[in-house]
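Here is the structure we will look at.
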Amino acid sequence: MINFMPVLVMNGILFVITILLVIADRLLITYGKCRVTVRQDDKVDEFVVDGGNTLLNALIENHVEISSSCGGKGSCGYCKIRVTKGGGQILPTEEIFMSTREKRENMRLACQVKVKEDMEAAIPDFLSVVREIVVQKKFDPKKRWKVTIR
Ligand code: FES
C-alpha cells in the first residue's frame, strides 16, 4: 500500500509557505506612490497610484477603459497593453497569450503586471484597427492576414 503521508505533509508545508509569502507581500512590502502614464490614441493620462496593485486595477480606478472579460484572473487575454517603462519581466502566466512579436514589443497583460515603480504604457486601439480594415475594404477572407497594432 502506498503511503501518502509525506506527500500530504509536503503539500501542507508548501501551502503554509505560500500563505506566508502572500501575507508578507501585502503587509511588509510597500512600493510607495507610483506615477502611471497611459497613452491611448492621441490622449495621454497621467495619475499617481499606491504601488502593489495590478496595472488593470490602477487603470480602472482612474477611469481608463480597457478590455477585460475574466475580471483580472489572467484567463481571457483581453487586457493586452504595451508597457514601455516599468513592469519588469513578462510572467509565465502571460506568455501563453503572447506571440513572439508581442513579447518583443513589450505587450503585457495589464491584470498580471504589478505597479511597483513609475510606469508608462500604451493601450492599443483594436477597434480602430478593425474599423479601418472594414472601411478600407482591405479584408480578404481568402488571405491570411496580420494586424499591426500601433
Ligand atoms: S483581464 Fe483577463 S487576462 Fe487580463
Quick check on segment 44-66: of everything there that is in a loop (DSSP other than H, G, I, E, B) and either surrounded by 15 or more Cβ atoms within 10 Å (Cβ to Cβ) or at pLDDT 90 or above (or both), which residue is nearest to the ligand (Cβ to nearest atom)? 66
Please indicate, with yes or no, whether at least one residue in segment 76-92 is of a type in the set (S, T, N, Q), within 11 Å of the chain's Cα centre (by Cα) and either closer than 22 Å to residue 24 by Cα or within 12 Å of the ligand (Cβ to nearest atom) (or both). no
Can you pull out every residue in segment 74-107 that is of a type in the set (S, T, N, Q) and either part of a strand (DSSP E or B) or surrounded by fewer than 15 Cβ atoms within 10 Å (Cβ to Cβ) (or both)? 75, 84, 89, 93, 99, 100
In segment 104-123, how many are in contact with a helix residue (DSSP H, G or I) (Cβ under 9 Å, 6 or more places away or on another chain) and at positive phi? 0
I need a count of the residues in segment 5-31 that are loosely packed, with under 10 Cβ neighbours inside 10 Å and among the small types (Gly, Ala, Ser). 0
Regarding residue 71, is this residue in contact with a Gly (Cβ under 7 Å, 6 or more places away or on another chain) and surrounded by fewer than 16 Cβ atoms within 10 Å (Cβ to Cβ)? no
Just the residues that are in contact (Cβ under 8 Å) with a residue 40 or more places away in the chain and in a strand (DSSP E or B), please, taken from segment 22-43. 34, 35, 36, 37, 38, 39, 40
If a residue must be in a strand (DSSP E or B) and away from the ligand (no atom under 15 Å from the Cβ), how many such residues does segment 108-124 contain? 3
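The values are calculated or read from the model by the stated rules, or taken from the named source; none is laboratory data. For clarity, every value in this text was computed on a predicted model and none was experimentally measured. Cβ sites come from the backbone with ideal geometry, for glycine too, and all protein chains shown count toward neighbours.
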